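Reading through the C-alpha cells given below for one structure.
The values are calculated or read from the model by the stated rules, or taken from the named source; none is laboratory data. Note that this is a predicted model, so its numbers are computed, not measured. Neighbour counts run over all protein chains shown; Cβ positions are idealised from the backbone, glycine included. Areas reflect the complete protein model, heavy atoms only, side chains present, ligands, DNA and RNA absent. Shrake-Rupley method; radii C 1.70, N 1.55, O 1.52, S 1.80 Å.
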Amino acid sequence: MTTAEHPPTARPALGRLRRARARFLAGHPPPADVPDEVAAAWRRARFHGVRPDTATPAAGRAPQSPEPELLAAARPVLERLTPVLDHERATLLLTDARLRVLWSAGHAPWDTLCRDFAEESVGPNSAALALRTGHRAEVHGPEHILDVWQEVSAVSVPLRTPGDARPVGTVTVASALGGGCAPHPQAALAEATAAAVEAELRAHLRPPERAVLDAYLAACARQERPVVAFAGHSRLVSEAAARLLSARDIEDLERAVHEVPRRDAPGTPLPGGAAVEIVRHLGETAGAVAVLEPAPGRAPAAPAGRPAGALAGALAGHSVPWRHATERAAELAAAHGPLLLVGERGTGKTALARELLGTTGPLVVDAAEGDLHETLPADPRGGLVLRHAERLAQSDVAAVVALLETRPRTPLLVTYTPGAPPRAVPPAAPRHPRRPLGHPARPP
C-alpha cells in the first residue's frame, strides 16, 4: 500500500503478507514486518465492521439524469482509452469525490466490481487512499481485506478541479496481481488519464468561469505572491495564500472585494496591501482576483492542524502508536474539514482537539450538558471543539448543521466515546459516505 510521495523502502513478499492477513483475520496482531500503513488500514476495516467474505455489490449502468459534470467531461477521454484496456487486460474506473463509481470498463471479473469504494464498506483500496492522501496510490492483493480482491492490484490518481487542489474524484486502473507489490504496471496509464480528464474539466468550464480561472492562473504565474480568486460561490486559493490567510481572513477579503466599485480600474488597492482585479466577460462581471502583498513582519496564519512534533511536546504519551495517532490527526486537521476523534473515556481526546486547533482559543462545548442549540455561538472565531457527540440531541444536531451552513470554514473537532449511552441518533453526515472495483456507471 503506497502513495507516489512515499514509496516503500522494504515490503514483505506477497506470501508473507497473505499469512499476516490470515493471522490478523483470526484475531492476532499483525506481525512487525507488515508496513504500518497496511496494518492501520486493516484495523480501520475491522473497526468499520468490514467482513472479508463480503460480496461486492456490482455496479450497473443505472441511468443518471442529469449526467454528473465530472462524467460528462471525462467520458470522451475514457471511451478513447477502451481499446487500450483490451491490450493491457486492465479495468479503468472513474469515481467521484464520494468514491461512487461513475464509469468503468475492462476485464475485471464481475464478482470484483462494486458501486463505490468507501473504506467503511469495502476496506482499504487505492481510490480511497489516493483521495485521502492527494497523491497516486497503489494497493495490491493481500493488502486488501476483501477475499475477492486478493488477486487484484490497483493504482489510483486523484482528480482536482481546475486551478484548485480540491479533489473531485479519482481515476483507477486495476489488473491481475503480479509477482510483487509495486510498482503497478499501469501507473503511467492512470497518471495520463487523470491529466487528460483534468484538461477536459477545464475545457468544460463556462466562459465566465474560464475567464476567472485564466486570470487567477496568470496572477499565480507572473509573481510569487498570494492569490485568491472569487467567482460566485467558488474560491481559488493559491498555496501561498493558504499559508498566509486564515479562513476568517479569506472571508473578510471576499467582503472587501465585493465592496470594490465595479467601475474601478484593475489593480484597485484594498486594505492590508492587496490589489484586486475585476474580471469581466462580455461586459459582465465574472469574478475578481486579489493579489496580496504580505505586510512586513506578518507571520503566516496558523493552519487548522498543528505539526505532529508540536503535538508530541504538548501532550502526554510517547509510545509509537500514540505518535502515529497524533501524526495522523495533524494530517487530517490540516485538511481544513470537520474532524472526528474517537476513543475510550480518559484517552485525551479533548486535549488533543485543543492542541490541533493551536493557540486560537477554541470554544469547547459539551453535548452531555444539554441544550447545545441554545448556547452555540453564531461565529466561533477560534474554532469549535464539540465533546461527547454520542450525546447529541436532535435539536443540537440541527444547530451544528446550521452553524456549518452559515460558517462552512469554521474549524470543527468532534469527540466521540464508543459505548457511551446516546441521547439521540444524529443523522448520517453527508460528507464522504463510504463503500468496492466498479463497473460502467464507480474503488484511506
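Points worth noting:
- Tally of residues being surrounded by 16 or more Cβ atoms within 10 Å (Cβ to Cβ), part of a helix (DSSP H, G or I) and under 23 Å from the mean Cα position of the chain (by Cα) across segment 218-250: 7
- So PRO63, is it modelled with pLDDT under 90 and surrounded by 15 or more Cβ atoms within 10 Å (Cβ to Cβ): no
- Taking residues in segment 1-29 that are within 21 Å of GLN186 (Cβ to Cβ) and open to solvent by less than 30 Å² (accessible area, probe 1.4 Å), and partners anywhere that are part of a strand (DSSP E or B) and modelled with pLDDT of 75 or more, the pairs with Cβ atoms closer than 6 Å and at least 6 places apart or on different chains are MET1/VAL139; THR2/GLU138; THR3/ALA137.
Quick grid of which residues meet (1) within 16 Å of ALA74 (Cα to Cα); (2) part of a helix (DSSP H, G or I):
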position: ALA154; (1), (2): no, no
position: PRO158; (1), (2): yes, no
position: PRO185; (1), (2): no, no
position: ALA194; (1), (2): yes, yes
position: TYR216; (1), (2): no, yes
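- Selection from segment 128-151 of residues that are buried (at least 24 other Cβ atoms within 10 Å of the Cβ) and under 18 Å from ALA188 (Cβ atoms): ALA130, ARG136, ALA137, GLU138, VAL139, HIS140
- Sole residue being at pLDDT 90 or above, within 20 Å of the chain's Cα centre (by Cα) and open to solvent by less than 50 Å² (accessible area, probe 1.4 Å), chosen from LEU93, LEU78, LEU70: LEU93
- Checked against the criterion of being over 25 Å from LEU217 (Cα atoms), modelled with pLDDT under 60 and open to solvent by 20 Å² or more (accessible area, probe 1.4 Å), the candidates GLY305, GLY361, GLY309, GLY317 yield just one match: GLY309.
- Residue tally, condition out of contact with any helix residue (DSSP H, G or I) (no Cβ under 6 Å at 6 or more places or on another chain) and either surrounded by fewer than 11 Cβ atoms within 10 Å (Cβ to Cβ) or modelled with pLDDT under 85 (or both), over segment 44-55: 3
- Within segment 96-108, being touching a helix residue (DSSP H, G or I) at 6+ places or on another chain (Cβ under 8 Å) and surrounded by fewer than 20 Cβ atoms within 10 Å (Cβ to Cβ) holds for ALA97, ALA105, HIS107.
- Residue list for segment 160-206, restricted to those being touching a Pro at 6+ places or on another chain (Cβ under 9 Å), modelled with pLDDT of 85 or more and of a type in the set (Ser, Thr, Tyr): THR170, THR172, SER175
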